[in-house]
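K.L.:
To start, I am sharing the structure in question, which I have written as structure tokens.
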Amino acid sequence: MGIWEQLWATGGQDLLETCQYVAGGLSVGFAAIGPGVGEGYTAGKAVAAIARQPAVAGAILRTMLIGQAISETSGILGLVLAFLLIMRDPAAIANWVAGAGLLASGLCMGLAAIGSAVGAGLVSAEAVEGIGRMPETQSRVTLTMLIGQALAQNTSILGFVVAMLLFSSGGGAGVDITDWAGTVGRAGALLGGGIAMGIGAFGPALGIGFVGSRACAGVAQNAKHAGAIQRTMFVGAAVSESTAIYSLVVALILYAVAMAGS
């Protein structure tokens, strides 16, 4: 009796069921890291800004809350996927490749969420600090913040798309659980795809966050050149995001390999 047949005979379906629960924990657990850091950093900067400019405390507080809400986005995506994983019908996990797809899905979303949330927090933190220093630039700084945070969230959206693809993969057709080499190869391809997109989203999101934060600082210092600063931010963010696109391409290739049974 082969290893997979032994596992199945001794409760293989129960083992497969654990994949969805572990994946759910990975998704929301990792996804909670970024928002906590990003939102806390923004709040700290807001407190310092209000201490410097108590007359505009209301404007600083509103900007802080808006920035924190956007930073929370990737954490919410991780929470949504976690619920989908936990509530999935265990009987639908037909094989070990499907179980690996669920684990890859949780890893992908959880890891991808970290960088986006921290990056968005960097942007909103610089925005509240800028308003505290130059209250008259509030509207332009807030607009720059919203654009910068939206750009920083792009990579978590890519992670969510790949995670949902892995979640719904079902392990492909015709998986033979007695084919140890084939099963491990396909499961490895799915896990590799999830890791590629999850980790690959981290650096670009942080880079975009740096770009957006400096743009907010620049607009606060020199609001009349906000247009030029924002255009440069767009270009810089696009270049920073390019490596996340590479990760997306590799993740899709590995997904195709797993589905083809190569």
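The values are calculated or read from the model by the stated rules, or taken from the named source; none is laboratory data. Remember, it's a predicted structure, so these values are computed and weren't measured experimentally. Cβ sites come from the backbone with ideal geometry, for glycine too, and all protein chains shown count toward neighbours.
K.L.:
Got a sec? Which of A150, A127 is in a helix (DSSP H, G or I) and touching a Cys at 6+ places or on another chain (Cβ under 6 Å)?
P.N.:
Residue meeting the stated conditions: A127.
K.L.:
Sticking with this structure for a sec: Those residues that are over 25 Å from the mean Cα position of the chain (by Cα) and of a type in the set (F, W, Y), I need them from region 217-262; list them, please.
P.N.:
Result: no residue meets the conditions.
K.L.:
Now, a different point. If the requirement is being closer than 30 Å to A92 by Cβ, surrounded by fewer than 24 Cβ atoms within 10 Å (Cβ to Cβ), in contact (Cβ under 8 Å) with a residue 40 or more places away in the chain and not polar (S, T, N, Q), which of these qualifies: A32, A59?
P.N.:
Answer to the check: A32.
K.L.:
Of the numbered conditions (1) closer than 20 Å to F167 by Cβ; (2) hydrophobic (A, V, I, L, M, F, W, C); (3) out of contact with any Phe, Trp or Tyr (no Cβ under 9 Å at 6 or more places or on another chain); (4) at pLDDT below 95, V56 satisfies every one except a single condition; which is it?
P.N.:
Result: V56 fails condition (1) only.
K.L.:
Output the number of the condition that A215 fails; it satisfies all remaining conditions of (1) small (G, A, S); (2) within 23 Å of F30 (Cβ to Cβ); (3) modelled with pLDDT of 95 or more.
P.N.:
Of everything listed in (1) small (G, A, S); (2) within 23 Å of F30 (Cβ to Cβ); (3) modelled with pLDDT of 95 or more, A215 misses just condition (2).
K.L.:
Can you pull out every residue in region 182-229 that is without any contact (Cβ under 8 Å) to a residue 12 or more places away in the chain and either of a type in the set (D, E, K, R) or within 23 Å of Q138 (Cβ to Cβ) (or both)?
P.N.:
Once the filter is applied, which keeps residues that are without any contact (Cβ under 8 Å) to a residue 12 or more places away in the chain and either of a type in the set (D, E, K, R) or within 23 Å of Q138 (Cβ to Cβ) (or both), region 182-229 yields G218, N222, K224, H225, G227, A228.
K.L.:
Something else: Within region 247-262, can you find the residues that are surrounded by 14 or more Cβ atoms within 10 Å (Cβ to Cβ) and either of a type in the set (G, A, S) or on the phi > 0 side of the Ramachandran plot (or both)?
P.N.:
Those that are surrounded by 14 or more Cβ atoms within 10 Å (Cβ to Cβ) and either of a type in the set (G, A, S) or on the phi > 0 side of the Ramachandran plot (or both): S247, A251, A258, G261.
K.L.:
Could you list, in sequence order, all residues of region 230-246 that are without any contact (Cβ under 8 Å) to a residue 60 or more places away in the chain and buried (at least 17 other Cβ atoms within 10 Å of the Cβ)?
P.N.:
Result: G236, S240.
K.L.:
Further, regarding this structure: I'd like to verify a number: residues in region 5-46 that are among the aliphatic types (A, V, I, L, M), more than 23 Å from the chain's Cα centre (by Cα) and at pLDDT 95 or above, how many?
P.N.:
Result for region 5-46: 1.
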